[in-house]
Structure formats: C-alpha cells, structure tokens
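Below: the structure, in structure tokens.
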Amino acid sequence: MATIPECEPFVQPLNPDWYQQYVEAISMLRLDVIHPIVSGNKWYKLQYYLKAAQHTGAEGILTFGGAYSNHLVATAAAAQACGLKSIGIVRGMHAADTQTPTLNECVSFGMQLFFVAKEEYDRKYDADYHAALNEKYKGYYIIDEGGAGELGVNGSEIIADYIPEGYTHICVSSGTGTTLSGIRRALNEQVSVSGYVPMKGGVYIRKDIDSYLSAHLHSRYTLFDEWHFGGFGKQNEELVYFMNAFYRANNVPLDMVYTAKMMFGIQQQLAAGYFPENARLLCIHTGGLQGNSTIKDKLVY
C-alpha cells in the first residue's frame with residue numbers, strides 16, 4: 001500500500017498576542033502538512049478503508065460527496081496512489097454543469113464522476129441503495145461520505161498519538177463526527193473535547209457520534225454549531241477578513257469550510273470568557289486547503 005504522508009504532523013504554538021489575556025496556551029496540531037492532497041484528517045479516516053479494499057481484492061473505491069468535497073479529492077488521490085480506480089457519486093445534477101476546481105482535481109486523479117439528484121443522494125446510507133450500487137459498479141468498495149464509519153473512527157484514533165499530554169481542551173471541526181469520535185475514544189476522558197460543526201443546526205451529528213462511543217462518553221464531548229456563516233461551505237467577508245488576520249498573526253493558513261470557522265468560534269468564546277484562565281487548548285487543523293479555491297484571490301496566503 002502506498003505511504004501517503006509525506007511529512008509528520010507537528011504542534012505549532014499560536015502567537016501569545018492572540019490568546020494570552022484569556023487562557024494559558026493555545027497551539028495547533030498541523031495535520032494539514034502531511035500531504036498536499038490527502039491532507040489533515042482525510043488520510044487517517046481513509047487508510048483502513050483502503051487496506052480493506054485491497055484485502056478484498058476490490059478493483060476500486062466508490063464514495064460520495066458534493067461539488068466542493070475535500071473527501072472526494074482525497075479519496076481520488078489516495079486510491080490512485082494505492083493502484084485502485086475510483087468513482088465519485090456527486091450530489092446535485094447541477095454540479096455537472098458547474099465543474100468546480102474540486103471536481104476537476106478529482107478527474108485529474110482518475111476519478112469517474114456520476115451526478116445524481118438530491119433525492120437519490122440522500123439514500124447514501126441506505127443498505128438497498130448500496131446493494132444496487134454494488135450490482136451496478138461490480139468490484140468497487142463503498143466508503144461512506146466523509147469516510148464515516150467504524151474504520152474511519154478507528155483511523156482517527158491514530159490522531160490522538162500526536163496530541164501531547166498537558167492540554168485541557170482539544171478542539172476539532174466536525175462534519176460527520178468521525179474524527180471527533182476517534183479522538184474521544186483514544187484520549188483520557190478527563191480531557192475536554194469540543195467539536196465545531198460548520199452546518200446549520202449541525203448538532204444533529206451527535207446521534208452519529210454517540211453510536212461510535214461507549215455510553216459513559218456520551219457526556220464527555222461538546223458540540224457547537226453557531227459559526228456556520230450561512231451553511232456548509234458558505235463564507236462572507238467577515239470570515240475572509242478573519243482568515244487573513246489569523247494568518248498574519250500566526251502564520252497558519254486556514255480553510256474556509258472547516259478550520260477557519262472553528263477558530264473564529266474559538267475567538268468568540270475566548271472573548272466571552274468561555275474557557276477557564278488556566279486552559280491549554282490544542283486545535284486540530286484538519287487540512288482541506290483546496291476548499292479555498294473559490295476565494296483564493298481574496299487571501300494573503
């Protein structure tokens with residue numbers, strides 16, 4: 001199997017001017033540096049699925065995502081590196097007419113794209129739908145949207161190996177809750193874990209997270225969905241301004257879909273006195289910088 005990570009993750013302390021009047025320390029776990037395409041948490045969620053596909057002798061990978069999906073790009077690149085073909089089931093027939101930079105990149109890694117109506121896409125977790133896809137695309141191993149599922153959670157547990165002791169709060173952006181679930185399972189339960197959900201009303205993912213966790217851990221994490229900026233993948237001038245200011249202060253590029261919204265939310269929480277003064281935060285950078293393609297002309301990095 002191809003070895004995807006090209007660099008080791010590292011912990012980068014943030015500029016004390018950004019937080020020192022509020023808490024003791026804030027650092028960022030730079031998962032974004034491990035690979036230019038299969039970056040951040042994507043590799044950790046995918047690796048056991050790829051091994052399973054190879055073990056079963058699959059011809060390729062089939063997975064799901066939208067027109068701006070980091071997961072689709074990462075899967076396409078990882079599958080190609082592992083000698084597997086890939087198919088992407090893309091949400092929305094309109095996406096076929098508006099080929100995004102994300103979808104073009106998927107194609108460049110050999111992924112075949114099939115566009116389906118929202119009604120069909122919403123069946124992405126349905127067993128009968130999966131059976132129909134298995135029949136239609138014989139020899140393809142199906143991975144759920146975002147790498148969700150037990151193998152994705154197992155892979156995400158590895159991220160905890162890069163979290164040093166001494167941090168009181170671990171913060172991570174959460175789309176499917178897969179990464180948060182793995183981290184929560186792997187860490188000492190006394191460490192606070194918070195998920196920042198970039199969707200409107202996104203706390204609905206709690207039911208999915210709880211399904212991966214032992215009952216005693218259901219009360220050992222917190223979700224916030226206040227800072228979605230209009231919905232998943234949406235942004236405005238305030239968020240872009242924040243991303244540029246954050247980069248100037250900390251030399252860390254953020255992606256507009258996930259990590260930027262988390263850090264904006266944390267800034268708001270700091271100002272509101274949410275964290276105790278002796279708090280030591282570790283914020284996880286989940287990669288996905290390709291998601292900035294639509295605003296790259298507005299960014300200083």
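Readers should treat all values here as calculations from the given coordinates under stated rules, not as data from a laboratory. Predicted, not measured: the structure shown is a model, and the values here were computed from it. Here the Cβ positions follow ideal geometry from the backbone for every residue, glycine too, while neighbour counts run over all protein chains shown.
Here is how the numbers come out for the structure above:
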| quantity | calculated |
| --- | --- |
| Normalised contact order of the chain, rounded percent, pairs of Cα under 8 Å and 6 or more residues apart | 22 |
| Radius of gyration and Dmax over the Cα atoms of the chain, both given in Å | 18.7, 59 |
| Selection from P13, V116, A53 lying farthest towards where the dipole of the chain points positive, charges on Cβ | V116 |
| Computed magnitude of the charge dipole of the stretch 186-250 (debye, nearest 20; Cβ of K, R +1, Cβ of D, E -1) | 60 |
| Pairwise FRET efficiency - M93 versus L299, Cβ, R0 = 30 Å, nearest 0.05 | 0.45 |
| Shape call, the stretch 42-147: gyration tensor on alpha carbons, a/c limit 1.5 | oblate |
| Most mobile listed residue (V197, V73, V11) in the chain, GNM with C-alpha springs under 10 Å | V11 |
| Loop-resident sites, the stretch 90-174, for GluC sites (Glu not before Pro), counting at most 10 other Cβ within 10 Å (DSSP) | E165 |
| Anchor K234: lysines whose Cα lies under 17 Å away (excluding residues fewer than 8 positions away in-chain) | K200, K261, K296, K298 |
| A271-Y247 FRET efficiency (beta carbon distance; Förster radius 22 Å; 0.05 resolution) | 0.65 |
| Residue (of V191, M28, Y204) at the positive-pole extreme of the chain, dipole from beta-carbon charges | Y204 |
| Alpha-carbon centroids, the stretch 157-224 and the stretch 38-57: separation in whole Å | 21 |
| For the chain, calculated [θ]222 nm from helices alone, where every DSSP H run of n ≥ 4 adds -39500 (n - 2.57) | -9500 deg cm²/dmol |
| Dipole of the stretch 42-147, positive end: most advanced residue of V90, W43, L103 [Cβ charges, Cα centre] | W43 |
| Modelled FRET efficiency - R0 41 Å, S219 with H55, Cβ distances, 0.05 increments | 0.65 |
| Net charge dipole size for the chain [Lys, Arg +1 and Asp, Glu -1 on Cβ; Debye, nearest 20] | 200 |
| Alpha-carbon spread of the stretch 103-181, three principal axes, descending order, Å | 50, 30, 25 |
